[in-house]
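See structure below.
The values are calculated or read from the model by the stated rules, or taken from the named source; none is laboratory data. In this text the structure is predicted, and so the values were computed from the model without any measurement. Every residue, glycine as well, gets a Cβ built from its backbone with ideal geometry; the counts of neighbours run over all protein chains shown. Side chains included, ligands, DNA and RNA excluded: accessible areas come from the protein's heavy atoms. Shrake-Rupley method; radii C 1.70, N 1.55, O 1.52, S 1.80 Å.
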Number of protein chains: 2
Amino acid sequence: MLKEWSKLQEPIAEELEIRLKKARLRLSALQTEVKEKKLPVLVLVEGWGTAGKGSLLGRIIQNIDPRFFKVVSMSAPTEEERRKPFLYRYFAQIPEAGKFCFLDSGWMDEITREPMPPALYESRIESVKRFERQLTDNGYLVMKFFLHISAKEQKKRIESLQKQKDTCWRVSKNDLWQNAHYESCLDSFDAYLKATNMPSAPWYIVDAKKQKWTELQVIETLTQGIEIALNNNAFSVPLLQNVFPLVRMPLLSEIPLNQVLEEAEYKKDLKQLQKRLGELHNRLYRKKVPVIIAYEGWDAAGKGGNIKRIAGALDARGYEVHPIASPEPHEKARHYLWRFWTRLPKTGHIAIFDRTWYGRVMVERIEGFCSENDWMRAYNEINEFEKELSDWGAVILKFWVQIDKDTQLERFREREDTPEKRWKITEEDWRNREKWDLYEEAVCEMLQKTSTTYAPWHILESVDKRYARIKALKIVIAELEKALE
Amino acid sequence: MLKEWSKLQEPIAEELEIRLKKARLRLSALQTEVKEKKLPVLVLVEGWGTAGKGSLLGRIIQNIDPRFFKVVSMSAPTEEERRKPFLYRYFAQIPEAGKFCFLDSGWMDEITREPMPPALYESRIESVKRFERQLTDNGYLVMKFFLHISAKEQKKRIESLQKQKDTCWRVSKNDLWQNAHYESCLDSFDAYLKATNMPSAPWYIVDAKKQKWTELQVIETLTQGIEIALNNNAFSVPLLQNVFPLVRMPLLSEIPLNQVLEEAEYKKDLKQLQKRLGELHNRLYRKKVPVIIAYEGWDAAGKGGNIKRIAGALDARGYEVHPIASPEPHEKARHYLWRFWTRLPKTGHIAIFDRTWYGRVMVERIEGFCSENDWMRAYNEINEFEKELSDWGAVILKFWVQIDKDTQLERFREREDTPEKRWKITEEDWRNREKWDLYEEAVCEMLQKTSTTYAPWHILESVDKRYARIKALKIVIAELEKALE
């Protein structure tokens with residue numbers, strides 16, 4: 001792309017001023033619409049060192065109310081960030097609906113800065129394409145700019161910055177390296193732009209030789225993009241086929257629930273297994289393997305007690321339980337996976353989710369909290385999400401805690417009849433229960449479509465809670481042993 | 001993709017029948033909406049030999065009124081088709097608005113069937129991606145199915161077909177070859193599917209082991225796709241940057257128009273140049289170089305006379321002049337480039353267009369015959385179109401015939417005052433003249449954005465028509481000589 005690209009003819013000074021004034025006003029006016037129509041706008045500014053990314057952003061944001069944007073300068077990942085999946089720190093920064101986020105260098109810079117093995121590069125490109133597509137599919141406007149200058153121009157700028165004491169710090173080692181290897185950097189930038197130039201999130205190459213002309217190109221393109229996106233509020237996108245290797249799952253109705261575990265055996269097993277899990281946790285910690293344990297299941301199926309038996313075996317400094325309720329307003333204003341991305345464990349840590357991102361294809365589907373297009377897309381989006389985690393090296397354990405409808409009724413009644421348990425049962429539980437069949441259909445579809453080989457579902461038959469707890473412990477232990485081999 | 005793909009669990013026979021009945025009815029019901037909302041639907045069916053593409057199509061179309069669809073079976077290109085650009089025969093088959101076109105194998109089959117040099121393969125993939133994106137950007141629904149069977153299943157089918165006299169003809173050499181080289185075919189199919197799996201036109205891999213289950217998967221996916229597309233009627237798409245190498249063009253106002261050519265010199269030059277062009281035409285014909293000459297210009301600028309002087313030099317069997325008026329209803333119902341794709345010359349032939357595809361960014365823009373999003377996208381689409389022609393080996397000559405506003409007025413008046421020329425001037429010409437400034441702006445933008453190195457614009461200063469004619473001849477000759485070197 002970069003290589004085929006030609007500069008547009010720069011307008012004469014007078015015309016440039018007129019257009020610039022108009023474009024700035026237009027951007028300023030559009031921010032209200034962006035806010036009202038709840039459009040989230042992510043602007044990525046990449047480009048050559050000394051191309052003027054920072055000063056460009058400084059000028060653009062002057063047209064926007066500070067409450068409606070943030071500028072994020074991404075530098076090399078910190079030690080902490082290196083212990084999260086590659087996309088974590090970018091996903092964490094996505095804007096909320098109605099706001100702008102300007103990224104001063106992002107994932108492109110990280111991917112193209114240092115050479116990496118081809119297979120890793122391919123996988124990064126795939127991740128980026130999925131990430132950007134998930135954003136645009138979910139209503140984000142993603143605008144990507146690459147500020148382009150020639151080798152000669154870059155050299156001139158570097159020399160001029162180096163001459164002065166108070167600007168020479170602005171020339172980085174990377175700038176010098178780039179200029180000395182301009183042609184090979186050009187190749188690698190070109191390859192990256194080409195590989196990630198998607199119709200829904202295309203690249204715009206900007207002639208960055210002159211400051212005002214740069215600003216004009218960017219603001220005009222940005223406002224144009226915003227106008228188009230505002231036009232298309234709430235449109236549906238084609239569903240992608242969910243192409244991940246799947247493990248066959250039974251229908252819920254096919255699962256026998258007659259397993260029983262005697263108290264004595266339970267106690268013995270529990271003690272032994274918890275001890276073993278504790279040992280494994282230490283080894284995980286040292287080997288820096290991240291673990292994600294996800295619990296879903298019927299109300300009153302026994303998720304809480306089950307989680308307690310897992311957590312009870314773990315060192316408190318190395319795990320966290322995330323109870324997931326309905327999203328807060330600031331969470332609802334972002335991509336639905338954002339609140340899970342930001343809750344991921346560091347390497348060596350365990351995150352246990354009491355209810356999960358699967359809410360999208362269960363409660364959100366059934367209650368109409370998202371559109372049909374949204375939840376139908378989500379199977380693939382979730383498989384992609386878990387693929388990121390798996391590629392990062394995470395062990396992913398997903399439990400569906402299963403009981404039958406009668407058992408639920410029994411437990412609901414028991415809760416109502418036991419004063420200290422009464423807080424556990426609400427009107428909503430009864431309402432959900434009425435939708436049992438709808439949930440059963442949704443759960444079956446979910447199990448079929450998201451039980452991937454790298455993140456399969458495990459069924460915990462929980463009519464006898466003791467049985468379910470021991471089964472969970474055994475599965476966790478087996479999977480961790482596999483990962484630690 | 002194919003390699004990661006897992007079969008969905010097939011429903012039990014009873015459920016399958018119920019869903020199939022429902023899906024067929026839904027498809028049948030949707031055809032009315034497709035027609036009313038003028039959605040063009042292109043369904044591409046690819047897959048392994050003996051996977052059942054033909055019989056699948058036979059069953060699908062039973063749900064659609066014959067007036068609303070056509071089935072096209074693509075086999076290897078004919079001798080005639082080989083003399084057109086690769087995409088020609090596919091572009092020619094795109095459905096009109098409100099109708100279905102089912103392609104039994106298409107460009108995938110052509111690209112993956114025979115090994116080709118990597119550079120050619122890359123260029124084919126690029127062409128396909130552009131083609132499909134142009135269709136979806138312009139409101140087409142493009143559904144792509146790949147019918148998948150295992151090597152074992154394919155072998156079984158081949159053997160069973162071969163056993164019977166009246167079916168053994170259905171086993172092609174290619175089927176046998178595929179089965180003998182199943183793994184390497186799988187690799188090449190997988191690579192193709194991955195490379196062309198775009199969010200706006202994704203692939204759907206279909207488990208084609210059982211006939212009814214195959215049908216169900218396809219109809220359910222198809223109806224889902226149609227429903228989503230109907231939801232999104234007339235949405236705008238992000239504008240892609242026009243990344244083609246451009247030649248700088250002057251503003252119309254900067255072009256001097258004071259050139260004059262004396263009658264005597266003109267006659268001498270004309271004779272000489274026409275003779276030379278005639279010679280070149282013969283060599284072109286023998287070397288099978290296709291030539292496309294495109295004329296645009298102001299009303300009364302002298303396009304007709306100019307074309308006459310070119311055509312006058314050519315052998316009538318080797319060229320065609322296409323006068324382009326407003327599109328016919330069947331043309332308007334398709335992608336705006338369709339009527340030009342279908343008018344392309346064969347190799348060795350010359351096509352002269354009196355007005356062209358540039359109507360999109362001139363008259364259609366100014367008169368509002370297409371949306372802003374449409375004409376703004378068109379610069380890139382047109383450059384892509386001409387790139388296809390250039391890659392095919394065509395010489396592309398684009399002339400803008402330039403006069404000033406006063407000269408036009410003079411000629412309009414002369415036409416009105418001369419009985420035998422009066423037919424040449426209409427009310428519309430006067431109306432267009434009132435929009436001179438709008439046209440001038442549009443023409444300048446067009447010249448800037450579509451003058452690529454492989455298909456640059458040439459200005460013919462035509463206040464003196466003789467000068468313009470000689471200049472055109474000289475340019476045509478020079479470019480043809482270059483191509484014949």
Practice problem: Shortest first and in nm with one decimal, please list how far the B:E17 label point sits from its counterparts in the other copies (point 7 Å along Cα→Cβ). | Solution: 8.1
Practice problem: Return the long-range amide H neighbours of B:M74 (sequence gap of 5 or more, or a different chain), with a cut-off of under 5 Å between placed amide H atoms. | Solution: B:D104
Quiz prompt | Between segment B:1-33 and segment A:314-346, the Cα center-to-center distance that results, in Å | solution = 37
Quiz item: When only the heavy atoms of the protein chains count and the probe is 1.4 Å, how do A:S371, A:S6 rank by accessible area, highest first?
Solution: A:S371, A:S6
Quiz item: Which value, in debye to the nearest 20, gives the size of the charge dipole of segment A:252-369 about its Cα centre, when Lys and Arg are +1 and Asp and Glu are -1 at the Cβ?
Solution: 760
Self-check item: DSSP beta bridge pairing in chain A, given as percent antiparallel to the nearest 5
Solution: 5
Quiz prompt | Computed magnitude of the charge dipole of the protein assembly as shown (debye, nearest 20; Cβ of K, R +1, Cβ of D, E -1) | solution = 1440
Quiz item: Can you give me the Cα centroid spacing of segment A:440-485 and segment A:118-172 in angstrom?
Solution: 42
Quiz item: Over segment B:326-401, what number does the Rg to Rh ratio reach, with both radii from the alpha-carbon atoms and Rh per Kirkwood?
Solution: 0.96
Practice problem: Go ahead and estimate [θ] at 222 nm for chain A from helices alone: -39,500 (n - 2.57) per DSSP H run with n ≥ 4, summed, over the residue count, rounded to 500. | Solution: -16000 deg cm²/dmol
Practice problem: Compute the acute angle (0 to 90°) between the alpha-carbon long axis of helix A:13-36 and the principal axis of greatest extent of the alpha-carbon atoms of chain A; round to the nearest 10°. | Solution: 20
Quiz prompt | Computed E for A:E485/B:T78 - FRET, C-beta separation, R0 51 angstrom, nearest 0.05 | solution = 0.30
Quiz item: From the Cα gyration tensor of segment B:50-155, with a ≥ b ≥ c the square roots of its eigenvalues, which class applies: rounded if a/c is under 1.5, or else prolate if a/b is larger than b/c, or else oblate?
Solution: oblate
Practice problem: Pop the C-beta distance of A:R343 and B:K21 into the FRET formula with R0 = 41 Å and round what comes out to the nearest 0.05. | Solution: 0.35
Quiz item: Dipole magnitude of segment A:201-305 about its Cα centre, charges +1 at Lys/Arg Cβ and -1 at Asp/Glu Cβ only, in debye to the nearest 20?
Solution: 820
Exercise. Just tell me which lysines come within less than 22 Å, Cα to Cα, of A:K155; anything on the same chain fewer than 8 places away is out.
Key: A:K3, A:K7, A:K53, A:K163, A:K165, A:K173, A:K209, A:K210, A:K212
Self-check item: Rounded accessible area of B:F369 (nearest 10 Å², 1.4 Å probe)
Solution: 140
Quiz item: Using a simple spin-label model with points 7 Å from Cα along the Cα→Cβ vector, what separation in nm is obtained for B:K287 and A:Q162?
Solution: 5.0
Self-check item: Order of exposure, largest accessible area first, which applies to A:L240, A:L16, B:L8 with probe 1.4 Å
Solution: B:L8, A:L240, A:L16
Self-check item: Teacher prompt: A:N258 distances to equivalent labels in other copies, 7 Å Cα→Cβ, nm
Solution: 10.6
Quiz prompt | Estimated FRET transfer efficiency when R0 is 25 angstrom, pair B:V260-B:A478 (beta carbons, to 0.05) | solution = 0.70
Practice problem: With both partners inside the protein assembly as shown, how many of the DSSP beta bridges are antiparallel, as a percent to the nearest 5? | Solution: 5
Quiz prompt | Gyration tensor verdict on segment B:441-485 (Cα atoms; rounded if a/c is under 1.5, prolate if a/b is larger than b/c, oblate otherwise) | solution = oblate
Quiz item: For chains B and A, what's the summed buried accessible area, probe 1.4 Å, to the nearest 100 square angstrom?
Solution: 3200
Quiz item: Can you give the accessible area of B:K194, probe radius 1.4 Å, in Å² rounded to 10?
Solution: 120
Quiz item: Got a sec? Charge dipole of chain B, +1 on Cβ for Lys and Arg, -1 for Asp and Glu; which of B:Y439, B:L8, B:I470 is way out at the positive end?
Solution: B:L8
Quiz item: Considering the dipole of the protein assembly as shown built from charges on the beta carbon (Lys and Arg +1, Asp and Glu -1) around the Cα centre, which of A:P238, A:I64, A:I125 is farthest to its positive end?
Solution: A:I125
Quiz item: For the protein assembly as shown, what is the convex hull (Cα atoms) projected area averaged across all directions, in square nanometres?
Solution: 48.2
Quiz item: Using Cα pairs under 8 angstrom and six or more residues apart, how large is the relative contact order of segment B:313-449, in percent?
Solution: 21
Practice problem: For A:L277, B:L120, write out the residues from largest to smallest accessible area, computed with a 1.4 angstrom probe and no ligands counted. | Solution: B:L120, A:L277
Practice problem: Based on alpha-carbon positions alone, could you give the equivalent ellipsoid semi-axes of segment A:321-363 from the gyration tensor, as √(5λ), descending, whole Å? | Solution: 19, 12, 9
Quiz prompt | For segment A:134-230, convex hull volume per residue from C-alpha positions, Å³ | solution = 124
Self-check item: Kirkwood-Stokes translational diffusion coefficient of chain A, alpha-carbon pairs, 37 °C, 0.692 mPa s, µm²/s
Solution: 130
Practice problem: List the distances, in nm to one decimal, from the label point of B:L438 to the label points of the same position in every other copy, shortest first, placing each label point 7 Å from Cα along the Cα-to-Cβ direction. | Solution: 5.1
Quiz item: Axis carrying A onto B: which residue of A has the nearest Cβ, and how far, whole Å?
Solution: A:F235, 3
Practice problem: Using the charge dipole of the protein assembly as shown (Lys, Arg: +1 at Cβ; Asp, Glu: -1 at Cβ; taken about the Cα centre), state which of A:G278, B:P202, A:L39 has its Cα farthest towards the positive end. | Solution: A:G278
Quiz item: What shape does segment B:396-485 have by the C-alpha gyration tensor, where a ≥ b ≥ c are the square roots of the eigenvalues, rounded means a/c under 1.5, and otherwise prolate means a/b greater than b/c and oblate the rest?
Solution: oblate
Quiz item: How big is the gap, in Å, between the Cα center of segment A:360-420 and the Cα center of segment A:176-191?
Solution: 47
